[in-house]
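One structure is given below, encoded as structure tokens.
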Amino acid sequence: MGGWVVLRVSELTKGFGSGPNRLEVLKGIDLEIQPGELVALMGPSGCGKSTLLNIIGGLLPAESGEINLKSRSYGLRNPSSVVDVRRNLVGWIFQDFHLLDHLSALDNVAMALEISGVPSKEAEERARDALARVNLSDRMDHIPDQLSGGQQQRVAIARAIAGNRPLLLADEPTGNLDIASGADVLRLFKSLCHDEENPISILMVTHDPDLASQADRMLLLRDGTVAASDIRSAWGLDEEGGEEE
Ligand SMILES: Nc1ncnc2c1ncn2[C@@H]1O[C@H](COP(=O)(O)OP(=O)(O)O)[C@@H](O)[C@H]1O
Ligand SMILES: [Mg+2]
């Protein structure tokens, strides 16, 4: 990994509202992710985890600070001027999968590629490859209703990796899954990150300390800043011990 970072977030701040209704959410976020790293982000409900992911993903502007993703700098711009970040640099995985109900697994993945400009035939080939990487080659023609929750999330993961984006943002990806399927998703994330030929990086929000402890690194977002974390500080058991890395 050699110190090269794929993502650097520097002194990022964001709040909502004004006057007496003003809410400061992010108060100076600093973090880095290296190529091939799976990083778990934990923190109490409402502390700003989704807000942070939305800014990194180019869906929401911050108020100050900067994001560097590969060679791109952004963070304060209107979402309409970071289309390239959404199209080429960041893939998303959500708690509730966000698949299209009436399309097969193959078409769900292929359509996402077509929207970003890949010709249909190539999109279908790349969708097949991506579904094979998540072990769904035998379910490509099924629609979401015919798949288990874990399989649906693997379709969403195939969709996210099919575009060859260097960073995946996963917002509570196991929140709607049973324990076994959640563990499968985590194993899959690790194999995608640690793939020697084509490593990606994943920033994953989770409330599950067992899953978080299997990531390469854990970060805790609390009181508007991010600190390196271990399992005890993530649970608030050890107020002094969790800050060192
Ligand atoms: N668009 C918005 N307008 C006003 N407040 C918001 C908005 N988005 C998020 N918030 C508030 O910001 C805080 C952080 O929200 P969020 O990032 O969703 O937290 P988390 O994902 O950690 O649960 C919450 O108090 C939430 O109510
Ligand atoms: Mg959230």
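What follows draws every value from the coordinates through simple rules; no lab data is involved. Everything quoted here is computed from the prediction, not taken from an experiment. Note that each Cβ is placed from the backbone with ideal geometry, even for glycine, and that neighbours are counted across all protein chains shown.
Structure values in brief
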| item | result |
| --- | --- |
| Loop sites in region 1-95: trypsin sites (Lys or Arg not before Pro), DSSP, at most 11 other Cβ within 10 Å | R22 |
| Helical mean residue ellipticity (222 nm; -39500 (n - 2.57) per DSSP H run of 4+; nearest 500) of the chain | -8500 deg cm²/dmol |
| Cα radius of gyration and Dmax for the chain (Å) | 17.9, 56 |
| Exceeding the 27 Å Cα-Cα cut-off - candidates K27/K190; K14/K190; K14/K70; K121/K190 | K27/K190; K14/K190; K121/K190 |
| Cα gyration tensor, region 108-176 - rounded (a/c under 1.5), prolate or oblate | oblate |
| HN-Hα J in Hz across region 135-152 - Karplus 6.51, -1.76, 1.60, θ = phi - 60°, x for Gly and Pro | 6, 10, 4, 8, 10, 4, 8, 7, 8, x, 4, 8, 10, 6, x, x, 5, 4 |
| Built amide H within the under 5 Å cut-off of T225, gap 5+ | K27 |
| When region 36-106 is reduced to its Cα atoms, the Kirkwood hydrodynamic radius in Å | 14.0 Å |
